[in-house]
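Q: After the structure tokens below, expect a handful of questions from me.
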Amino acid sequence: MNRRNFLKATAAATLFASNPGLLRAATDYQGNFIVTVFAGGGWDPTSFCDPKMNVPGERIINNWATNNTTQTVGNINYAPFADNDAFFKAHYQKMLVINGVDVKSNSHSTGTFNNMTGVRQDGFPSVAALFAASTKTQQLMPWLAGTTRPNSGKLIAPSTIAGSGAINNLKRLAQPNLFRSDRSDTFLQNDELALIKQFRQNKASPLATDNTQLAKQRRQYANYLQSIYSDGSFEEYLNLLQTADMKGFNPNSANFSQAASTIAAFKAGVSLSSDIRLGGFDTHGDHDVRQARALTRLTQTVDLLWHIANQFNIQDRLVVHIASDFGRTNRYNGGNGKDHWSITSSVIMANNPAWGNRVVGASDEKHYAEKIDFTTLQKDATNGTRIEPKHVINALRQHMGVDSQPASSKFDLKADSIPEFFNSARMTT
């Protein structure tokens, strides 16, 4: 081995040593996973899961409603728009649709914070971040985030969701002894590498348990020992990511690679939550064409999550939350677009849950939020409450089992009550 290659190998070993457990996963984790798929820019629920027909004498709400009508599958209404028909027919039994959510803002940043975290300002964690921080054991990358500004609440550091273009870089991290990630030749022969590992272990093991060493030093030696032995989970993650059936979608697409990377990481035991962000929903102009394109990407991405989860046999452990900044206006502007509207929806999905195939919350015919009774879930204009994102997030926290964790108490959403959204015996009519 020449000096240059030796330095490369040494640098890789140093990297692993400085990150305890970097290539070791919690392979015994059998709990749930959660993914939030966020429609960045503000989607149009009236062309998705809260469909609206046009009101006689009022401006047109939806062009599709001039020659078509609201569709229904099971208990769920949806708009005959984009690829909704295939999506809802395939997944309606997984769905809890929450309509009439009042964001109380038309600001992108405020709406994003509110629907991701339950508050209208920065500093609180997303449900995925909170779940990872409360649940993680020894996952390498507990929380994945496909956004440049993830909502961490400073509880946990995000790991960027790896697309197909990052696979070779990840291979170099996982297998530093390879001369190049696309070749089989190595810096060291296997027997040489085994001798080096054994030497390191023989030197470090006694120091990790030596009571004459400071506690901090003993931890450092123990962490070093952990870091130099991979349990194969990271390599498995990469193999799963490369071999996942992408259902005919382009694996180089950022949208679809986020879905594949997320489920591969779950299956390999290296992650347990993910925030996926898709753009293209801020349709101030040419609304129908652009919103249809963005909604199609969204439904295809969510469909792919379930497709790969089934492929890897983790579908019964997966929870998917779909949300957006806010909604779009109940009319078109002069550029055939729709502007910002504070009323929106959320969708929560699981595989054949008792609480699936249900709709809770409501908006009226012009897409204004209606008040509901949080216990009966029926409309109650007099004594009811408008659903806000904090109610959705609090209910989701409770459903994921993190509402009583210390981190949740630290980030109290100050919601007056938690609606009975997951009560399978009740829905809004």
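Q: With springs connecting C-alpha atoms under 10 Å apart, model the chain as a Gaussian network and identify which of Ala194, Ala128, Ala395 has the largest mean-square fluctuation.
A: Top of the fluctuation ranking is Ala194.
Q: Quick one: order Met427, Met400 by neighbouring beta-carbon count within 10 Å, fewest to most.
A: Values: Met427 20, Met400 23.
Placing the least packed residue first, the sequence is Met427, Met400.
Q: Then there is this: For every helix of n ≥ 4 consecutive DSSP H residues, a contribution of -39,500 (n - 2.57) applies; sum these over the chain, divide by its total residues, and give [θ] at 222 nm rounded to the nearest 500 deg cm²/dmol. Before the final figure, lay out the partial values.
A: Details: 12 runs with 149 residues, N = 429.
The per-residue figure over the chain is -11000 deg cm²/dmol.
Q: Do me a favour and compute the ellipsoid semi-axes for region 58-191 from its Cα gyration tensor, root of five times each eigenvalue, largest one first, whole Å.
A: 42, 23, 15
Q: Here's something else I'd like to know. Of the listed pairs Lys171/Lys390; Lys94/Lys410; Lys94/Lys390; Lys94/Lys171; Lys136/Lys379, which have alpha-carbon separations greater than 29 Å here?
A: On the way: Lys171/Lys390 40 Å; Lys94/Lys410 31 Å; Lys94/Lys390 22 Å; Lys94/Lys171 36 Å; Lys136/Lys379 39 Å.
Table pairs above 29 Å Cα-Cα are Lys171/Lys390; Lys94/Lys410; Lys94/Lys171; Lys136/Lys379.
Q: Give the span of region 277-327's Cα atoms along each principal axis, as three whole-Å numbers ordered largest to smallest.
A: Rounded to whole Å, the extents work out to 42, 18, 13 Å.
Q: Taking only Cα atoms, what is the 0 to 90° angle, nearest 10, from helix 233-243's long axis to the longest principal axis of the chain?
A: Once rounded, one gets 50 degrees.
Q: Inverting the mean 1/r over all pairs of different Cα atoms, compute the Kirkwood radius of region 247-358 and quote it in Å. Please report the intermediate quantities before stating the final value.
A: On the way: mean 1/r = 0.0641 Å⁻¹.
The Cα-based Kirkwood calculation yields 15.6 Å.
Q: OK, next. Near the amide H of Gly41, under 5 Å away, which other amide H atoms are found, from residues 5 or more places off or on another chain, if H is placed in the peptide plane?
A: Amide H to amide H, under 5 Å and 5 or more residues apart or across chains, Gly41 pairs with Asp325.
Q: I've got another one for you. If each Cα of the chain is one equal point scatterer, what is log10 of I(q)/I(0) from the Debye formula at q = 0.07, 0.10 Å⁻¹?
A: Those come out to -0.39, -0.72, one per q.
Q: Roughly what % antiparallel, to the nearest 5, for the DSSP beta bridges in the chain?
A: 50 percent
Q: Give the Cα extents of region 328-368 along the principal axes, in whole Å, largest first.
A: Rounded to whole Å, the extents work out to 44, 19, 13 Å.
Q: Let me ask you something else. If one takes the longest principal axis of the Cα atoms in the chain, at what angle in degrees, from 0 to 90 and to the nearest 10, does the Cα axis of helix 389-399 lie?
A: Tilt of helix 389-399: around 50 degrees.
Q: For the Cα atoms of the chain, what angle does the longest principal axis make with the long axis of helix 190-208, in degrees from 0 to 90, nearest 10?
A: Helix 190-208 sits at roughly 90 degrees to that axis.
Q: Let me ask something else. At 1.002 mPa s and 20 °C, plugging the Kirkwood radius over alpha-carbon pairs of region 314-429 into Stokes-Einstein gives what diffusion coefficient in µm²/s? Working shown, then result.
A: Values: Rh = 15.8 Å.
Rounded to a whole number, D works out at 136 µm²/s.
Every number here is computed from the coordinates shown, using simple stated rules; none is lab data. Just so you know, these numbers come straight off a predicted model, no measurement behind them. When we count neighbours, we look across all protein chains shown, and the Cβ atoms used for this are built from the backbone with ideal geometry, even at glycine.
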